[in-house]
Amino acid sequence: MLNQVADGVWVRQSEWVWSNTTVVKADDGLVVVDPGITGAELAELADDLDRLGIPVVAGFSTHPHWDHLLWHPRFGDVPRYATAANARIAGEARERAQAMAQETAPDIPLEPIALLTPLPDGGDDSGNSGDDSGPIPGELIEHDAHAVGHAALLLADRGVLIAGDMLSDVLIPLLDPRRPDQADTYPAALDRLEEAAQRVDVVIPGHGAVAKGPEIAARFAVDRAYLAAVQRGEDPDDQRWGKRT
C-alpha cells in the first residue's frame, strides 16, 4: 500500500530488494517514480493510484537499470521522463532489460519497459535544473554515480529528496565495475546530494527504508565510510546486502 511520507508524496515498497516506488502529486496530477517490481505489485500500485482519485500524468526513471524502467498499462499512456543519458542508454539496452525483468518476475509487463522521453536540457553546468518549471516537479540533480544518467529529484517545497539508488540502508554503494572513474564520481555525487539534503526532512532511496531527520546524515556517513575503506583497499565493515566477499 502507499504510505504518505510528506505532503503529496507517497511511497510503496516492493518485496523484491526492498524497492521503492514514489508517487508525487504535481499541479495537474500524479508523477510515478521508479514503479516496481512484479506484475502483481504493479497492479496493486494501480489500485492504490485509483483510490487516490488523481490521474497519472507522467512517470520518471532515476537511472537506466532494468528495475527502474518498468511501467504498467493501467498507469496510462503518459510521458515517462528521464535524463537524456538515461533515455539513450535504456533505449539501447531495452531488450536486455526486458529479458532481465522476465527472468526476475515473469508477470512483469514487458512492452512498456524502457520507453523513456528525455527531459529538455534546461540544467546548468552542475547538472541541476535550477527550478521546478519543467514537466516533472522539483529540481533535477544529475550525476554519474552508480549509473550514467542517474538523477535525484529535490522536492524542496515538500522537504523531500528522491535519491534513486543512493543512500540506502540495505544496499552498499554499488560502483559500476565497467567505469574506472567511480572512485571519484561517487563521492562527488554524495557531495551534491548532501548539499540538497540540507533542505529536506525526508530522503527516499531506491531500495530500503525512508530516512528522516538525523538518519539522513547517518546515511551519508555510512556510505562515505564504505567508499573510504574501498579506496584504502580494505574490506569495509558493512553488513548491508551486496557487500563484497
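Of the GluC sites (Glu not before Pro) in the stretch 1-74, which ones lie in a loop per DSSP and count no more than 14 other C-beta atoms within 10 Å? Don't jump to the answer; show the numbers that get you there.
Working: sites: Glu15, Glu41, Glu44; in loops: Glu15.
Counting only loop positions with at most 14 other Cβ atoms within 10 Å, the GluC sites (Glu not before Pro) in the stretch 1-74 are Glu15.
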* Who wins for biggest fluctuation among Pro55, Pro64, Pro35 in a Gaussian network model of the chain, springs between alpha carbons below 10 Å? -> Pro55
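As an exercise, identify the trypsin sites (Lys or Arg not before Pro) in the stretch 193-245 lying in DSSP coil whose Cβ has no more than 11 other Cβ atoms within 10 Å.
Passing both the DSSP loop test and the Cβ count: Arg232, Arg244.
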* To do: Select one label from (i) 29, 20, 18; (ii) 26, 20, 18; (iii) 34, 20, 16: the one whose number is semi-axes √(5λ) of the Cα gyration tensor in Å as derived from the coordinates shown.
  => (ii)
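Throughout, read-outs are computed from the coordinates displayed, never taken from laboratory work. Bear in mind the structure is a predicted one, so any value in this text is a computation, not a measurement. Positions of Cβ are generated from backbone atoms using ideal geometry, with glycine treated the same way; all protein chains shown enter the neighbour counts.
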